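Report on the structure given below.
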Amino acid sequence: MRTFLFGMVFLTLFSTHLNVGAQPGDSQDDQPTVAEVTAGLQAEQGFFTVWPDPKRGKVWLELPPPGEDRVVAELLYVEALVRGLGSNPVGLDRGQLGPARLLRISRHGSRVLFEEPNLTYRALSDEPAEIRATAESFATSVLWGGKIGALDADGRALIEVSDFLIRDTHRVVQTLQATEQGDFALDPSRSAVDYDAILSFPDNTEFQSILTYGSSNPGDLVRSVTPTPEAVTLVQRHAFVRLPDDDYEPRELDPRMGMFGVTFYDYAAPLDQTTRRQWIVRHRLEKTDPDAPRSRAKEPIVYYVDRGAPEPIRSALLDGARWWAEAFEAAGWIDAYQVELLPPDVHPLDVRYNVIQWVHRSTRGWSYGGGVVDPRTGEMIKGHVSLGSLRVRQDRLLFEGLLGTEKTGSGAPDDPIELSLARIRQLSAHEVGHTIGIAHNFAASTYDDRASVMDYPAPLITLGPNGLDTSRAYGVGLGSWDILTVQFGYTDFGDKDEKVELESLVRAGLDKLFLSDPDARPAGAADPRANLWDNFADPVDGLENALAVRRYALDRFGEHNVLPGTALAELEEVLVPVYFHHRFQIIAAAKTVGGVEYHYAVRGDGQDPYEVVDAARQRRAIDVILRLLEPEELDFPDAVLETIPPRPFGIGRNRETFDLDTAPVLDPLGAAATVAGQVASVLFQPERMMRMIDLHRRDPTLPHANELVDRVIDKVSPSTVTDTLRQSEIRRVTERVIADYLIGLGVHGDVPPAVRSAVERGLRQLALRIDQRSQTAQSADGELVGAHAASLRSDIERYFDRDWSSMVVVDHPPTMPPGSPIGMMDHDLGACSFH
C-alpha cells in the first residue's frame, strides 16, 4: 500500500516541482519574521497553527518549512454549509458537505499555492518513469494562491488566508442560478471570517466564514425563506484534515454488490487488464485479534445522533441507526458498530465524529447519507447523515388521510404517529447505510422479507375484511441483502485469499436481486422490479392493491381526517396523498409494459443476463393501469367536495395543495386531468414505446406500441358510451389530455420515427372516434360533445398540417403536488402540449 500511494503523491509533484532551489531562503531579507507579525496575537494550535488577527481583519496560517520538492503539507480539504438556506428545492442545506479533496500546499518563491492533484488518472507502479508519464499527461488544479507574509530563517512561514476563506467554494451562486433563483453574487463587503469559530485540533483545523450573496432579482423560493431576499447570508465551513496513514487496504468493488466506490484509471495496468479501477467506500476497521474469526475493533465505528432532534424522534433515530450492529456482528465483529447521542460540546461537522444531523427546512425534502471520503483510497473518514425534519410530519399526514385521526397520539399500532416513527427508524437506518458505503437497492421490495432497508419503502397498507391493515406498514430491522453487503465490505478474512472469499460471498447472494438508481429512476427504465416507493413482488399486484386502498379511503374521507380545531380547508393537504395514493405504484407497473428483467451478470456466475417480460404480464399491466382512466375512478365523492371550503383568511394555498382552475373551490376535473396525464406519461414514454416496437419485431406475440395506443384510445373514447352527464365531462377531460399528450409527443423533435408513426396513427383514430360519438350523442349532452369534438378535431388537423407556429404551448394538465418525501416531481409527466 505504501508503495503505490507514494507513487500517487509523487506523480504530480514530479512534473510541477522540478526546479528545487535553496530553502528556506527564497528571498527574504525584507520579510518580517513570524514572531514580528504575530506579536500580541493568540494562536490556535493543533494540526495547523492559526493566528487569528481580528483587529486587522486577517487570518494567518503558519506553515512548516518545505521539503526538497517544495511541498509544505498534504491534507484533505472539506468545505460545507453550517447555516443553510432552508429551501429543499434549492438544496443549500445545513450540514451539506462538499466532496473531500486532496490538497497539496507548496512554496514557489514568495508565493504559496493550494493545488488539487489529479487522482482520476494514476499509475499504481514502483517505476518512477511510469509515474512521471502519467503525471505529465493530465492537468492538476490550483485552487488558490497567496503571498508569504512572514518568514523565519528556518523556513517557517505565514500566509494570510482570509481571501481563501471568503470564497464561494460551495458554488452557491451556481446553485441559485441553476434553480432559477436569481443572479446572485458574493458580496465581500458583507462577508467576514467568523473568528470565534477558528479551531485547531490534533487532526483537523476548522474555519468558518459568514458569506452574503446579493441580487436585485431573487426568486420565489429565496423570498419564501429569507427576511430580506436581496441578501442571502449563509455560513460556510472550511476544514483542513490530516491524511490517514497508509495502513488502510482498499477493497475492489464488485458490480453485483451494492457499494459505492471511488473510480480512477491506472495507466500502469497490465495489457490483459482494464485501466478502470474501483475501490469501495467503507470505514476502516482493524481487529484487536487478527487471528480470531470474531474480534473487537481497535477503534469501533461510532455514530452520534444530533441532540437537536426532539423526542420521540430522537429515540427512533437511535433505534433505527442501531440496526446495523447486527450486520457487523455477522461480518465477524464484536461491538464494532455503536450509536450514541452527540456530546453537547461537539460540533456536528467535526471530522472526528460520525453524525446523524437533524435539519430543518421550510418544506419537506431530501435526507442525505454521505461523508468525508479519502479520494485516494475510498476510506470513509467521517460519516455524515442529514435528515429533514418535516418528512415525519408528512408521513403522519399520509396515515391520517388513509385512517383518520381518531387514534392519533393513542400509542396504538395504527396510531399515525407510531406509524410515522416506524418510518423514521427505517429512514435513519437507510441514510446510515449510505455512509457505511451501501447504495440503493430498489429491487428489495420484491422480496417478502423486504431484503434491504436501502430501498425506498412505500407503506404497505392492504384492504382486509376489517378495513385498512397497517400491521406491516414498515419493516423492522435489516434485510438479508443488507447483512450480505456489510459482510462483503467489512469482513476481515485474515490469511485467507480475499478475492476467493469475496467471490464466494457474492455467489451466495445471487438469489438476492440488486438493482439501483440507473435502473429505477429514469422515466424509460425497463426492469419492473426496480422501483421507488413500491410494494409486492409483482408491481401490477401492487397497483391493484393501491387502487383498492385509494378507493376505500376516498369513499370514507371527511372531517375525521384532520384533528379537532383544524380549519376544514386544510383537509385538502390530507386529501392530496389519498387521491394520488397510486402515483408511485403506477410507475412501477408501467415498467412491465415493454419490460426487460436483467441482472448485473458477470461471466461465469450463472446468472441470466436478460429476459423479456411475457405478453400476458404486459397486457395485464395495461389493463390495470387503464382502470385509472375510468370516470368513476377519477371522480370525487360529493361528500368530499362539500366538506372542504375555500381557504380561510391567513391560510393560503401552498405546494401541498391541488393546482386549481376553479379557484377558490376545489377542481375535481383538474385533478382528474392530472391523473390522466400521469397515465399518458408512463405509458407513452418514448423509450418504452420504442422497446415495444423492437420486442414485437423479435416476438410478434408481444404487444406493439400501436396496440398500446389503441388500448388507451379505446378506454378514453370507446365506440359505445353509456356515461351519465356527470361522467361524460370527465371523459372529455381524459380525451383532451390523451390528445394533447400525443400531439406533444409528435411535435417533439427527438421522438424516434417509429414512435411518431404510432402517435400519428393514434391521433387519426381518436379524431374518428370523437366525430362518430358527436354524431350519435344524446340531446342532453350533444351540444357539449359537439363543441368538444370540434375543438379536438381542429387541433389534430393543425398538427397534421404541421401548422405548429399557430399552436400555443399550454401547461396541461394541472401539476401534481409533490409526492415522495423528497418534495419534488418524481416522474416527469411531460405534460406540455400544443393548441
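The values are calculated or read from the model by the stated rules, or taken from the named source; none is laboratory data. Note that the coordinates shown come from a computational prediction; the quantities given were computed from them, not determined experimentally. Every residue, glycine as well, gets a Cβ built from its backbone with ideal geometry; the counts of neighbours run over all protein chains shown. Just the protein is used for accessible areas: all its heavy atoms, side chains included, with ligands, DNA and RNA removed. Shrake-Rupley method; radii C 1.70, N 1.55, O 1.52, S 1.80 Å.
Using helices alone, I'd like the mean residue ellipticity at 222 nm for the chain: each DSSP H run of four-plus residues gives -39500 (n - 2.57), total over residue count, nearest 500.
-10500 deg cm²/dmol
For region 502-633, would you read off the P(r) tail past 22 Å as a percentage of all alpha carbon pairs?
The proportion of pairs with Cα distances above 22 Å equals 50 percent.
Largest first and in whole Å, give the semi-axes of region 660-818's equivalent ellipsoid, each being the square root of 5 times a Cα gyration tensor eigenvalue.
26, 19, 17
I need the per residue convex hull volume for region 171-324, using only the alpha carbons, in cubic angstrom as a whole number.
262
Could you derive backbone 3J(HN,Hα) for region 509-518 from the dihedral phi with the Karplus parameters 6.51, -1.76 and 1.60 (θ = phi - 60°), listing whole Hz in sequence and x where the residue is Gly or Pro?
The phi angles translate into x, 5, 6, 9, 5, 10, 9, 10, 4, x Hz.
Based on DSSP, what percent of beta bridges with both residues in the chain are antiparallel, to the nearest 5?
80
Once fully extended, how much extra length lies between Glu286 and Arg764, figured as 0.36 nm per residue of separation less the alpha-carbon to alpha-carbon distance?
Additional length available on full extension: 165.1 nm.
What's the FRET efficiency of Asp469 with Asp30 using the Cβ-Cβ distance as r and R₀ = 56 Å, to the nearest 0.05?
0.10
Kindly state, to the nearest 0.05, the FRET efficiency for Ala790 paired with Ser315, given R0 = 51 Å and r defined as their beta-carbon distance.
Computed FRET efficiency for Ala790 and Ser315 comes out at 0.20.
Cα centroids of region 609-625 and region 340-358: how far apart, whole angstrom?
49
Taking a 26 Å limit on the Cα-Cα distance, which of the listed pairs Lys55/Lys147; Lys298/Lys496; Lys55/Lys382; Lys287/Lys496; Lys382/Lys512; Lys287/Lys382 fall beyond it?
Among Lys55/Lys147; Lys298/Lys496; Lys55/Lys382; Lys287/Lys496; Lys382/Lys512; Lys287/Lys382, the Cα-Cα distance tops 26 Å for Lys55/Lys382; Lys382/Lys512.
Would you pull out the residues with amide H under 5 Å of Ile334's amide H, same chain only if 5 or more places away, H placed 1.01 Å from N?
For Ile334, the qualifying residues are Ser295, Arg296, Ala297.
So if I take the centroid of the Cα atoms in region 514-587 and the same for region 434-499, what is the distance between those two points in Å?
So the two Cα centres are separated by 21 Å.
In whole percent, what relative contact order does region 187-266 give with Cα contacts below 8 Å and a gap of six or more residues?
25
Between Glu130 and Ser757, how high is the FRET efficiency from 1/(1 + (r/R0)^6) when r is the Cβ-Cβ distance and R₀ = 51 Å? Nearest 0.05.
FRET efficiency, Glu130 to Ser757: 0.40.
Under a point-charge model restricted to the Cβ atoms of Lys and Arg (+1) and Asp and Glu (-1), what is the dipole moment magnitude of the chain relative to its Cα centre, in debye to the nearest 20?
My answer is approximately 900 debye.
What is the set of long-range amide H partners of Glu286 at a cut-off below 5 Å, with H atoms built 1.01 Å from backbone N?
Close amide H contacts, sequence-distant or interchain: Lys298, Glu299.
Testing the spin-label approximation: label points 7 Å from Cα along Cα→Cβ at Arg698 and Arg653. State their distance in nm.
If labels sit at Arg698 and Arg653, their model points lie 4.7 nm apart.
Per residue, how much accessible surface does region 246-380 expose to a 1.4 Å probe? Answer in Å², no decimals.
So region 246-380 comes to 43 Å² accessible per residue, rounded to a whole number.
For region 88-217, just run the numbers: alpha carbon Rg, then divide by 2.2 N^0.38 Å, N being how many residues it has.
Cα Rg divided by the expected 2.2 N^0.38 Å: 1.34.
What Kirkwood Rh does region 288-339 have if only Cα atoms enter the pairwise 1/r average? Answer in Å.
Kirkwood radius, region 288-339: 12.1 Å.
Would you work out what percent of the accessible area of region 203-279, with all protein chains in place, is carbon or sulfur (probe 1.4 Å)?
48
Tabulate in residue order the Karplus-calculated ³J(HN,Hα) for region 368-373, using 6.51 cos²θ - 1.76 cosθ + 1.60 with θ = phi - 60°, rounded to whole Hz; enter x for Gly and Pro.
With the stated coefficients, region 368-373 comes to 10, x, x, x, 9, 10 Hz.
Gain in length, Asn217 to Thr776, computed as 0.36 nm per residue apart minus the alpha-carbon separation, to one decimal in nm?
Going from the current span to full extension adds 195.7 nm.
List the residues whose amide H sits under 5 Å from the amide H of Tyr303, counting only those 5 or more places along or on another chain, with H placed 1.01 Å from N in the peptide plane.
Hits under the 5 Å cutoff: Gln338, Val339, Glu340.
Please report the carbon-and-sulfur percent of the accessible area for region 402-452; probe 1.4 Å, protein heavy atoms only, DNA, RNA and ligands left out.
So the carbon and sulfur contribution to the accessible surface is 51 percent.
Read phi for every residue in region 582-593 and hand back ³J(HN,Hα) as whole Hz from Karplus 6.51 cos²θ - 1.76 cosθ + 1.60, θ = phi - 60°, with x for Gly and Pro.
Karplus values, whole Hz, x for Gly and Pro: 7, 4, 8, 5, 5, 5, 5, 5, 5, 5, 5, 6.
At what distance in angstrom do the alpha carbon centres of region 298-330 and region 646-696 lie from each other?
What the calculation gives is 39 Å, centre to centre.
How are the C-alpha pair distances of the chain spread across 20 Å bins, as whole percents from the shortest bin up?
Pairs per bin, as whole percents: 13, 40, 34, 12, 1, 0.
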